[in-house]
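To start, the structure itself, in structure tokens.
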Amino acid sequence: MLEHVRIDKMVNGGYGLARLQNGKIVLVEGAYPGEEALIKTFREKKDFAFAKVVSLIKESEDRVKPPCRHFGRCGGCHWMDIRYEKQLLYKKEIVEDLFERMKLDVEVEDVEPSDLVFHYRTKMEFHLQERRLGLKRRGSDFVIDIRSCEVAPEGTGEILEIVRKAVQVLNIPVYNRLTRKGVLKHVVIRYAFSTDQFMVIFVTKTESFPWGKSLVQAILKDIPKVHSIIHVMNSKDSVVLRGPYRTLYGEGVIVEEFDWEKFQIPPTAFFQSNYSVTSKLIDHVYRELDLQGNEVVLDLYAGIGTFSMRTSYSSAKVVAVESSRVAVKAGKANANVNGRRNIEYVESDVLEFLKSYQGRADKVILDPPRSGAGLNVMKEILRLSPERVVYVSCEPSTLVRDVQFLQNEGYSVVRVKPFDMFPQTYHVETVVTLVKGER
């Protein structure tokens, strides 16, 4: 049954919130505040439902024509049909809404915009399926053949076209998720904006990949600025970029440079998805720590040292904790490259590390995955009683949950600053600064 609704506001997940005639809340894909639409529900929950737009009765004046012909089918972008200024406003409202729902009285600042709103991604993960090479449809494993991508770095389309042709000419067996047969699963492209370096990564199910040399020749013949070509062996389907790897061509890393630091980024290590926003984020975290020069700082979920490097210039010591062996190795190398001698890298699960840590923790940086740090980690941080916690999050719902715990235990939120790490999508990066004691 179709229902006529009016969209009231945007909520987490990129949905427009409306109410059905019976008063039940409905979360609508592809609709914006102020719009009226005929919708059809496709999933019912106890307190709310999910729906899709069948037709728009009244459109927002802020709608624009998306520049990508794949928009609406491809799951890579969600908001390419709305003005960028509105995207920033909606992201702020999403963060505000989550804090309000947790009854946390905070002021959310305006979202820091991205210098680039298109072609900004530092990493793109493409999938192979039969003869298709591209991105998945939203909420589906079906792969849409992508010839060009408006958020991928310039030059990505040319690389994909070469790979697409080479896979056919060389008759490389494409992996099938249902039968778990085949070889080539994914093509991942990483790009360093400051040094103009591309890395092309072939992810296979098998250890053997005899087509690697031919693929290297095909790519370098037309795109000589590709800096590294990598083969990653990953038999698991749950994650794209994990497993042992070997370098087919180049140095095996790409290098990104910022104001004060230089980072070598290996193939399977995490690094932020937007160069200009990462630069702003590093500076913001550094300033929010309010370092005096004598502190011991814990950098939890440290990755390759994104925040540790700058922090180390104005602190006595940084303890960088990271569970990924590849990231820890890269972090140590980056500390050497930047001449930093006061960073101690610890390869460990964050919770396990904190349980046994008895040292000082004057300031703490948190940058966990989407699942958040979790209450057990937050309890251990509370035990260490740092003066200041700077929490960086790519998922505001888990951020708010963790922040609420610290606030209930005597910490005060002094700043909430969102950053637009992911233009054209509903995702938002948010940094919350907490200090011990009352404001």
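The values are calculated or read from the model by the stated rules, or taken from the named source; none is laboratory data. Being a predicted model, the structure only gives us computed values, none of them experimental. A quick note on method: Cβ atoms are made from the backbone with ideal geometry, for glycine too, and the neighbour counts reach across all protein chains shown. Calculation scope for accessible area: heavy atoms of the full protein, side chains included, ligands and nucleic acids excluded. Shrake-Rupley method; radii C 1.70, N 1.55, O 1.52, S 1.80 Å.
Model label sites at LYS52 and GLU93, defined 7 Å from Cα along the beta-carbon direction, differ in position by 2.4 nm.
Taking the accessible area of segment 74-117, probe 1.4 Å, and keeping the other protein chains in place, the carbon and sulfur fraction comes to 46%. Note on LYS165/ASN336: beta-carbon distance plugged into 1/(1 + (r/R0)^6) with R0 of 41 Å gives a FRET efficiency of 0.50. Total lysine pairs in segment 348-439 at Cα distances under 18 Å, for residues eight or more apart or on different chains: 5. In the chain, helical runs assigned H by DSSP with n ≥ 4 each contribute -39500 (n - 2.57); averaged across all residues and rounded to the nearest 500, the mean residue ellipticity at 222 nm is -7500 deg cm²/dmol. The apolar share of the surface of segment 161-274, taken as the fraction of accessible area on carbon and sulfur atoms (1.4 Å probe, ligands and nucleic acids excluded), comes to 51 percent.
Taking Lys and Arg as +1 and Asp and Glu as -1, the other residues whose beta-carbon sits under 9 Å from that of VAL53 total 0. Within segment 192-260, antiparallel bridges make up roughly 45 percent of the DSSP beta bridges whose residues both belong there. Of the chymotrypsin sites (Phe, Trp or Tyr not before Pro) found in segment 272-371, not one falls in a DSSP loop while having at most 11 other beta-carbon atoms within 10 Å. Remark: the LYS329-ARG383 segment gains 16.5 nm on full extension, using 0.36 nm per residue and subtracting the alpha carbon distance. Applying 1/(1 + (r/R0)^6) with r as the Cβ-Cβ distance of GLU61 and LYS103 and R0 = 51 angstrom yields a FRET efficiency of 0.90.
Sites listed here are GluC sites (Glu not before Pro) in segment 148-198 whose DSSP assignment is loop and whose Cβ has at most 14 other Cβ atoms within 10 Å: GLU154. For segment 365-439, the fraction of 1.4 Å probe accessible surface lying on carbon and sulfur atoms is 45 percent. Are there any trypsin sites (Lys or Arg not before Pro) in segment 1-55 that are in a DSSP loop and have at most 14 other Cβ atoms within 10 Å? List them by number. Those satisfying the criteria are LYS45, LYS46. For LYS225 and SER148, the difference between the fully extended length at 0.36 nm per residue and the C-alpha to C-alpha distance is 25.8 nm. Non-local lysine pairs in segment 217-332, meaning eight or more places apart or on different chains, with alpha-carbon distances under 27 Å, amount to 12. Ranking ARG101, ARG164 from most to least accessible surface, computed with a 1.4 Å probe over the protein chains only, gives ARG101, ARG164. Excluding ligands, DNA and RNA, the accessible surface per residue across the chain is 44 Å² with a 1.4 Å probe. Using the Cβ-Cβ distance between GLN21 and GLU130 with R0 = 51 Å, the FRET efficiency computed as 1/(1 + (r/R0)^6) comes to roughly 0.70.
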